[in-house]
Amino acid sequence: MIELKHIKKDYLSGKEVMTKALQGVDLTIKDGDFFAIMWPSGSGKSTLMNIIWLLDTPTHGEYILDGVKLPEMTENEKAQLRSRKIWFVFQAFNLIPRMKVIDQVMLPLFYQWVPRWDEHERAIGALTKVWLAHKVHSKPNELSGWEQQRIAIARAIVTNPTLILADEPTGNLDTKTSIEIMNIFTKLNKEGKTIVMVTHEHDIAAFAKHNVHMRDGLIERVHINEEKKIKNAWNSKIQAADKI
């Protein structure tokens, strides 16, 4: 699905100061993969995620998505590809304060010209997957942080994207809630969704199939998590939650 070939990204601040956010990233992400990108501050993770999300373009290198090279796409084609195939789950949820849950989840379908009756049906289906179909008429201020993150995930999957990007999806949540969020992501991955998640939590990264360790705009190493280690991560998280 995704091929990054020697991706570099430079930012010019002022006339002479050059920031090298990415310094030659090579990474292949296949359909159905689950990657966790580990990062210290300033490692280039935001730049990398924006490039994958088609919101930014590399200064050098090739980005190939589903066999199509990024420079060959127009801005309109990028926007269409984002709306059809890619969705982002933010750490801050990014829900609209006065909008009901059902409308929050239906919103991405508006840009796909989906009929209103189909919008509603698909939104209910997405909310059912995150166990919140009973909250359709609630507003964000009536929901817990755990419920708001589930709404954000429902909004992400309602368009049936093949790729889900997540930036610190458990960063604002406690241990028990983090387990439930990772349960949803694991289930979505088993259903065939490709997931790329940014996290600084090693025990959260252990749920993914691959861990990418970045530093100073470069990939230091890629670690493959064995199934046994993934199960151990679940067990350790559950034990920690039980003590709270």
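The values are calculated or read from the model by the stated rules, or taken from the named source; none is laboratory data. Everything numeric here is computed off the predicted structure, so don't read it as measured data. We place every Cβ from the backbone using ideal geometry, glycine too, and count neighbours over all the protein chains shown.
A few notes on this one:
- Here segment 153-171 is the region considered, the condition is being part of a loop (DSSP other than H, G, I, E, B) and out of contact with any strand residue (DSSP E or B) (no Cβ under 8 Å at 6 or more places or on another chain), and the residue that is farthest from VAL130 (Cα to Cα) is ASN160.
- Taking (1) under 25 Å from LEU81 (Cα atoms); (2) surrounded by 13 or more Cβ atoms within 10 Å (Cβ to Cβ); (3) of a type in the set (D, E, K, R); (4) at pLDDT 90 or above in turn, ASP167 satisfies each apart from (4).
- When restricted to residues that are farther than 19 Å from THR194 by Cα and either at pLDDT below 85 or touching a His at 6+ places or on another chain (Cβ under 6 Å) (or both), segment 80-107 contains 4.
- Verdict on MET106 being buried (at least 17 other Cβ atoms within 10 Å of the Cβ) and more than 13 Å from the chain's Cα centre (by Cα): yes
- Segment 23-48, residues that are surrounded by 16 or more Cβ atoms within 10 Å (Cβ to Cβ) and either hydroxyl-bearing (Ser, Thr, Tyr) or assigned to a loop (DSSP other than H, G, I, E, B) (or both): ASP33, TRP39, SER43, GLY44, THR47
- Subset of segment 56-78 (residues that are loosely packed, with under 14 Cβ neighbours inside 10 Å and among the hydrophobic types (A, V, I, L, M, F, W, C)): VAL68
- Residue among ASN189, ASN172, ASN160 that alone is surrounded by 15 or more Cβ atoms within 10 Å (Cβ to Cβ) and within 24 Å of LYS85 (Cα to Cα): ASN189
- Single residue of VAL130, VAL101, VAL136 found to be surrounded by 19 or more Cβ atoms within 10 Å (Cβ to Cβ), aliphatic (A, V, I, L, M) and farther than 21 Å from MET182 by Cβ: VAL101
- Candidate set from segment 1-22 (those that are part of a strand (DSSP E or B) and among the acidic types (Asp, Glu)); member that is modelled with the highest pLDDT: GLU3
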